[in-house]
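Okay, so here's the structure we're looking at.
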Amino acid sequence: MFHIMVVEDDNNTRKLMEAVLIQNGYEVILAKDGIDALEKMDNHHVDLIVLDLMMPRMDGYELSETLRKCNCNLPILMVTAKETPADKKKGFLVGTDDYMVKPVDEEEMILRIAALLRRSKIVNEHRLTVGETVLDYDELTVSYMGYVQELPNKEFTLLYKLLSYQNKIFTRRSLMDEIWGMNSDTDERTVDVHINRLRDRLKENPDFEIITVRGLGYKAVVKA
């Protein structure tokens, strides 16, 4: 499942876009402006950004330019009320991939997002490789030593997250908020249960291990 970040300072518009994207099968991360987006990108996997232009602190132009200067090639769909040729030209010059003018046709936005994902080859390359181990995000599979295991969605997402940021410590709370949702009633001990299941399933894996950091949470470490 693809993760779309919506960067929009208007609360109603942000919530509407979230609902439309969820209805079309996407996971959604919300940000109020460019600074908020950059902070959340440190802790969330993002496949594409839907970006407002006029925002406080850091606007859409600045965020696009910042990401491109950092060699971040995520597709960016800019959505704005500014519609002059000069505005669009500036958007493309700072690194925007596509441009829509408000009010946005919801169906067209979904089609443009799908096209951007295809063009960026994310659909075909949605994989993570660690040593000889390959995680296929679309198939929810882990392959190594000639074996292919299909994992339950939550277990796969948890493993993908840890391995995407090797050696980074994630607290149980941060993993709960991202994978189960901030409004979930599930207990944090659920993370422990899923980690134990992953360890059991992957106990023969030669490439990595999941380490418990006492008092903090978990991290994935590549074996030497």
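The values are calculated or read from the model by the stated rules, or taken from the named source; none is laboratory data. Just so it is clear, the structure is predicted and the values come from calculations on it, not from any experiment. Backbone-built Cβ (ideal geometry, glycine too); neighbour counts: all protein chains shown. Calculation scope for accessible area: heavy atoms of the full protein, side chains included, ligands and nucleic acids excluded. Shrake-Rupley method; radii C 1.70, N 1.55, O 1.52, S 1.80 Å.
The table below lists the values:
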item: Residue in the stretch 159-180 that is without any contact (Cβ under 8 Å) to a residue 24 or more places away in the chain, open to solvent by less than 60 Å² (accessible area, probe 1.4 Å) and within 19 Å of residue 28 (Cα to Cα) present; result: yes
item: Output for the stretch 21-66, where each listed residue is open to solvent by 10 Å² or more (accessible area, probe 1.4 Å), over 17 Å from residue 80 (Cα atoms) and among the hydrophobic types (A, V, I, L, M, F, W, C); result: 22, 28, 29, 35, 38, 41, 46
item: Considering residues of the stretch 124-148 that are surrounded by 18 or more Cβ atoms within 10 Å (Cβ to Cβ) and more than 17 Å from residue 45 (Cβ to Cβ) only, the residue farthest from the chain's Cα centre (by Cα); result: 144
item: Pair list, Cβ under 8 Å, 6 or more apart: the stretch 23-34 residue closer than 24 Å to residue 54 by Cα, other residue of a type in the set (Gly, Ala, Ser); result: 31/37; 34/60
item: Subset of the stretch 105-116 [surrounded by fewer than 19 Cβ atoms within 10 Å (Cβ to Cβ) and either of a type outside the set (Gly, Ala, Ser) or assigned to a loop (DSSP other than H, G, I, E, B) (or both)]; result: 105, 106, 107, 108, 110, 111
